[in-house]
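Nothing in this text is a laboratory measurement; each read-out follows from the coordinates by a stated rule. A quick note: this is a predicted structure, and the numbers were derived from the prediction, not measured. Because the Cβ atoms are built from the backbone with ideal geometry, glycine has one as well, and the counts that use them run over all protein chains shown.
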Amino acid sequence: MAYLGENIPKLGFGLMRLPMKDKEIDVEQTKEMADLFLDAGFTYFDTAYGYAEGKSEEAAKAAIVDRYPREKFQLATKLPAWAGAKTADEAKQMFHTSLKRTGAGYFDFYLLHNLGSSRSKSFDDFGIWDFVQEQKAKGLIKHAGFSFHDKADLLDKILTAHPEMEFVQLQINYGDWESGSVQSGKCYEVARKHGKPVVIMEPVKGGMLANPAPELKAIFDATGSGLSYASWAIRFAASLEGVVTVLSGMSNLEQMKDNISYMKDFRPLDDGERAVIAKAQEALAGIPHIPCTACEYCVKGCQQLIAIPQIFEMMNRVMVYKDLNSGKFGYRWETQFGGKASDCVGCGKCEEVCPQQIEIIKTLKEAVEQFE
């Protein structure tokens with residue numbers, strides 16, 4: 001059955017982690033990357049109002065919009081109503097600012113950015129759902145959807161309340177497929193249940209699956225394929241049904257060339273390759289980590305409203321993927337919306353209800369040492 005985006009090539013260029021030079025986006029290298037991408041037959045570019053404080057959208061204009069016919073590519077960007085907007089007018093102005101920065105004339109795919117947790121409320125309060133449909137009626141938006149970072153049950157509620165949304169952007173990778181906090185697999189199934197095509201973000205988990213743990217490297221190396229570790233992750237995501245495209249946040253020409261090498265003539269994973277991924281997932285599960293399933297029983301009784309599951313997810317990034325920088329960044333992000341580890345008063349209510357019997361108080365103290 002045909003679906004929105006079925007004919008779009010399955011590698012998308014994510015413009016969040018563009019190459020840098022002297023602390024600014026390297027526009028000339030970005031142009032070279034865009035040229036390679038388009039010459040290879042790929043067409044989907046993804047940016048956002050807030051990426052690089054708006055400079056990502058400006059780079060999209062310089063590298064793509066100003067240099068190619070508009071029908072040659074699809075451009076997606078996003079509106080983060082929760083990010084600093086105090087009024088509906090301020091939130092809606094983000095759309096017009098994005099149009100001006102990119103010079104695109106219209107957006108092929110336009111997203112409400114990063115729904116989930118307390119962030120979703122801003123889109124309701126400011127009437128952004130209706131606003132987006134109004135822009136679509138004017139021809140300024142071709143297809144409307146949203147990106148999402150939260151649990152599958154909340155995704156189900158949002159898609160039930162807003163069937164007019166045409167697609168959803170989800171964090172999907174083999175490392176998070178069974179994750180209790182990210183719930184890649186469960187969120188994907190919810191989107192499929194609602195008949196929504198999926199744009200996939202974070203297929204290599206912010207780069208962590210491009211340089212995975214030694215246990216995983218050994219599994220992939222044993223195949224003798226010679227393929228990059230990133231290729232296994234991206235092809236896993238692209239092999240799912242109902243995918244519009246898989247976004248790769250490429251930061252240099254080498255990454256672009258590598259991705260093009262195996263995605264230009266994309267072939268879904270065969271049964272043998274799926275077995276390799278399953279073995280890698282099993283190995284991941286066996287690496288020591290905090291056994292948090294993100295049931296959130298601990299949060300419900302926490303008088304400090306500490307973001308315990310999210311903090312544990314960041315600690316697991318360090319334990320499993322050895323990526324301290326990603327853990328610290330994620331910790332700063334997640335504790336914007338919930339209490340920090342150092343806010344713990346040691347009341348013990350969380351430990352009383354934890355099904356996994358995690359020593360939460362002790363583990364939060366370790367988080368303070370690691371991230372604060």
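Tabulated results
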item	result
Isolated Cys in the chain, by beta carbon distance under 4.7 Å	Cys187, Cys292, Cys295, Cys302, Cys344, Cys347, Cys354
5 angstrom amide H check on Val243, placed H, neighbours 5+ away	Val198
Per-residue HN-Hα couplings for the stretch 159-173 [Karplus 6.51, -1.76, 1.60; θ = phi - 60°; Hz; x = Gly/Pro]	5, 5, 6, 10, x, 6, 5, 8, 7, 9, 9, 10, 7, 9, 7
In sequence order, calculated HN-Hα J values of the stretch 237-248 (Karplus, 6.51, -1.76, 1.60; Hz; x Gly/Pro)	5, 5, 7, 6, 7, x, 8, 6, 6, 10, 7, 10
Range in the chain, longest, excluding exposed trypsin sites (Lys or Arg not before Pro) [loop by DSSP; at most 10 other beta-carbon atoms within 10 Å]	139-372
Cα shape, the chain, gyration tensor, a/c 1.5 rule	oblate
Burial ordering of Met314, Met165, Met256, fewest other beta-carbon atoms within 10 Å first	Met165, Met256, Met314
Reachable lysines, given that their alpha-carbon falls under 25 Å from the alpha-carbon of Lys157 and they are not under 8 places away in the same chain	Lys78, Lys92, Lys121, Lys136, Lys142, Lys186, Lys193, Lys196, Lys300
Rounded if a/c under 1.5, otherwise prolate or oblate - the stretch 297-371, Cα gyration tensor axes	prolate
Candidates Thr47, Thr97, Thr30, ranked by Gaussian network fluctuation over the chain, Cα under 10 Å, top entry	Thr97
Residues Ser228, Ser56 arranged by fewest to most Cβ contacts within 10 Å	Ser228, Ser56
Pairwise centroid distance, computed over Cα atoms, of the stretch 25-93 with the stretch 116-184, Å	19 Å
³J(HN,Hα) computed for each position of the stretch 47-56 - Karplus, 6.51 cos²θ - 1.76 cosθ + 1.60, integer Hz, glycine/proline x	10, 7, 3, x, 5, 6, 6, x, 6, 5
